[in-house]
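Engineer: One structure is given below, represented as structure tokens, and several questions about it will come after.
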Amino acid sequence: MPRRLAAEFLGSAFLAAVVIGSGIAAQRLSPSDTGLELLENSAATAAGLFAVILMFGPVSGAHFNPVVSLADAALGGISWRDTLAYLPAQVAGCVTGAVAANLMFAQAAVSISVKHRASGAHALSEVIATAGLLLVIFALARTGRAATAPAAVGAYIGAAYWFTSSTSFANPAITVGRMLSDTFAGIAPSSAPVFIAAQAGGGIAGVLLIRFLYPSLTPAQAADAVVPHEGSVQAGSIK
């Protein structure tokens, strides 16, 4: 468990650093060109997420997201005890990654974002983005293709930057981290509760859709989410 928690912390930190750091770089390299800034930010995030899942997935499964961990517990792939341990590691990792990204670009370690994003369209976007992320992950686990998850998850998030008005946070932990950077990728604290509530709703919708579409999904298959890892629950035991 200590190694799995360390992997979730470090992976979440790298993820937040990639998202926020690439947003700062895009803002500096392409000022006043929002479309190009978003392209640069989304490309870096998709590639970075792919790499981070490969780095830490074999240890913890590479959840880096409270919604993914809670969905995995609901589907029997991870124990609720382990899930409750994962969540603070993920949030702490995203906070650490946000601070690191700020410092790497000579910004204040913490600068509270003033970028307001809360609207009905943003909330709907987060519901859809989060549900879709769960469908990608658990569809691959159910069909024995979990090894392709790093590429598939990276590609999905990269695409969701563009097909959602919220730019697809789809992750409560990264939402918390992004509050701490008043830069391109930031979100105002007043907007964060709307995003987190929508992500929770998307998580519930995602689990219901998975149970409907893949009723034969077993706990052993769910345990391979996001990728097969050391802490997987297989046939009721820890391997």
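The values are calculated or read from the model by the stated rules, or taken from the named source; none is laboratory data. Only a predicted model underlies this, so the values are computations on that prediction, with no experimental measurement involved. Neighbour counts are summed over all protein chains in view; Cβ atoms, including those assigned to glycine, are modelled from backbone coordinates with ideal geometry. With ligands, DNA and RNA removed, areas are computed over all heavy atoms of the protein, side chains included. Shrake-Rupley method; radii C 1.70, N 1.55, O 1.52, S 1.80 Å.
Engineer: Largest first and to the nearest Å, give the Cα extent of the stretch 129-222 along each principal axis.
Structural biologist: 44, 24, 22
Engineer: Still on this model: Based solely on C-alpha atoms, express the radius of gyration and the Dmax of the chain in angstrom.
Structural biologist: 16.7, 54
Engineer: Can you classify the stretch 47-102 as rounded, prolate or oblate using the Cα gyration tensor, where a ≥ b ≥ c are the square roots of its eigenvalues, rounded means a/c under 1.5, and otherwise it's prolate if a/b beats b/c and oblate if not?
Structural biologist: Working: a/c = 2.55, a/b = 1.49, b/c = 1.72.
Judged from the Cα gyration tensor, the stretch 47-102 comes out oblate (a/c at least 1.5, b/c at or above a/b).
Engineer: Here's something else I'd like to know. Quick one: grab the alpha carbon gyration tensor of the stretch 1-141, order the square roots of its eigenvalues as a ≥ b ≥ c, and give me rounded if a/c is under 1.5, else prolate or oblate depending on whether a/b is larger than b/c.
Structural biologist: Working: a/c = 1.90, a/b = 1.46, b/c = 1.30.
Prolate shape, in that a/c is at least 1.5 and a/b is the bigger ratio.
Engineer: Amide H to amide H, which residues 5 or more places from H229 or on other chains are under 5 Å from it, using H placed in the peptide plane?
Structural biologist: Under 5 Å from the amide H of H229: no residue qualifies.
Engineer: Rounded to the nearest whole Å², what accessible area per residue is found for the chain with the 1.4 Å probe?
Structural biologist: Values: 9370 Å² over 239 residues.
Counting only protein heavy atoms, the per-residue value for the chain is 39 Å².
Engineer: Between the alpha-carbon centers of the stretch 47-82 and the stretch 212-227, tell me the distance in whole angstrom.
Structural biologist: Taking the Cα centre of the stretch 212-227 as reference, the centre of the stretch 47-82 is 13 Å away.
Engineer: Quick one: which of 95-105, 4-14 comes out on top by average Cβ neighbours within 10 Å, and what's the full order, highest first?
Structural biologist: Values: 95-105: 20.5, 4-14: 23.5.
My ranking of the peptides, most packed first, is 4-14, 95-105.
Engineer: Report, to the nearest whole %, how much of the accessible area of the chain belongs to carbon and sulfur atoms, 1.4 Å probe, protein only.
Structural biologist: Working: 6860 of 9370 Å².
Ligands and nucleic acids excluded, carbon and sulfur give 73 percent.
Engineer: Now, a different point. With the convex hull built on the Cα atoms of the stretch 116-161, state its orientation-averaged projected area in nm².
Structural biologist: Details: hull surface 13.3 nm².
Over every viewing direction, the Cα hull of the stretch 116-161 projects on average to 3.3 nm².
Engineer: Karplus couplings for the stretch 61-76 from phi (6.51 cos²θ - 1.76 cosθ + 1.60, θ = phi - 60°), rounded to Hz, Gly and Pro as x?
Structural biologist: x, 6, 6, 6, 7, x, 5, 5, 5, 5, 5, 4, 5, 5, 8, x
Engineer: If you put +1 on each Lys and Arg Cβ and -1 on each Asp and Glu Cβ, how big is the dipole of the stretch 140-239 around its Cα centre, in Debye rounded to 20?
Structural biologist: 220
Engineer: Between V114 and A43, how high is the FRET efficiency from 1/(1 + (r/R0)^6) when r is the Cβ-Cβ distance and R₀ = 22 Å? Nearest 0.05. Please list the in-between numbers first.
Structural biologist: On the way: r = 26 Å, r/R0 = 1.17.
Efficiency computed from Cβ-Cβ geometry: 0.30.
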